[in-house]
1. Sequence-distant or interchain residues sharing an amide H contact under 5 Å with Val66, placed H: which?
2. Keeping all protein chains in place and using 1.4 angstrom, which order do His57, His15 fall into by accessible surface area, from largest down?
3. Let me understand segment 30-97 better: what is its radius of gyration from the alpha carbons, and its Dmax, in angstrom?
4. Which value, in Å² and to the nearest 10, is the accessible area of Tyr112 when all protein chains are kept and the probe is 1.4 Å?
5. In the chain, which Cys residues have no partner Cys with a Cβ closer than 4.7 Å?
6. Could you work out the pair-distance distribution P(r) of the chain from its alpha-carbon pairs, with 5 angstrom bin width and percents rounded to whole numbers?
7. Which of the listed residues, Pro70, Asn110, Leu214, is farthest toward the dipole's positive end in the chain, when Lys, Arg count +1 and Asp, Glu count -1 at the beta-carbon?
8. Would you give the gap between the C-alpha center of segment 43-64 and the C-alpha center of segment 121-179, rounded to a whole Å?
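The values are calculated or read from the model by the stated rules, or taken from the named source; none is laboratory data. Since this is a predicted model, take the numbers as computed values, not measurements. Neighbour counts run over all protein chains shown; Cβ positions are idealised from the backbone, glycine included. For the accessible areas, the whole protein counts, side chains as well, though only heavy atoms, and no ligand, DNA or RNA atoms are used. Shrake-Rupley method; radii C 1.70, N 1.55, O 1.52, S 1.80 Å.
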Amino acid sequence: MSNRSEIDLANYIDHSLLKPTAIPEEIAKCCNEALRYDFPAVCVYPSAVRQAKEILHNKRIEICTVIGFPTGANTPRVKLYEAQEAVEDGATELDVVINLGWLKSGKLDNIYQEIAQICETTGKTVKAILETTVLTNEEKKLAAEICMDAGVAYLKTSTGWFGGATVADVSLLREISGGQVGIKASGGIRTVTQARELIAAGATRLGTSCGVDLIRQQNSQGNEV
């Protein structure tokens, strides 16, 4: 009897290469893997967006990049410029780290204005990175509601630098969002079991550098009898 789930993980994966030492050959490999496995998106640093666009030109794979990564503490003007330049270079999706210090100190209007300006100016898919591992549940709720009001298309759990996605956080974000936006679980997703649990909890995208390994695991499980 097959253990393969009806869920095809390839449909969920933002194939990520966000290590600071990545070289052009590794970026090309990441993009070509996304093509091979038909992942929805690749996620690379802004400096790699042009290369990704050259490789993925006229393909349906989205080119995602990170803004204000990984701390979110850049000034709004710098984040906006970074987002605009990334779009000019070919980015179609922007994963923007919110300003966590503002959230912790109650400067909620500042967060709204920053995210709304990026959404409105670029017109692209924006995923707000909340960094859930360093927030209380009340802060997660506040951050999610502000970012949804500002126009984001997704709520994203984590950068992966300060801990990863949990089923509890994905479930909470699904409850808060009520299906109004997508949910991207990111950070520490290395096994098929983890991936499926996060999807069951409400994740509509999975940010991971282990996409190829996950598909191989899935295929291996599907061959078991």
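1. For Val66, the qualifying residues are Val44, Asp95.
2. Greatest to least solvent exposure: His57, His15.
3. Radius of gyration, then largest Cα-Cα span, for segment 30-97: 12.1, 38 Å.
4. Approximately 90 Å² of Tyr112 is accessible to the 1.4 Å probe.
5. Among the cysteines of the chain, those whose Cβ sits 4.7 Å or more from every other are Cys30, Cys31, Cys119, Cys147, Cys210.
6. With a bin width of 5 Å, the distribution comes to 1, 7, 16, 19, 20, 16, 11, 5, 2, 1, 0, 0.
7. Most positive-ward Cα: Leu214.
8. The distance from the Cα centre of segment 43-64 to that of segment 121-179 comes to 24 Å.
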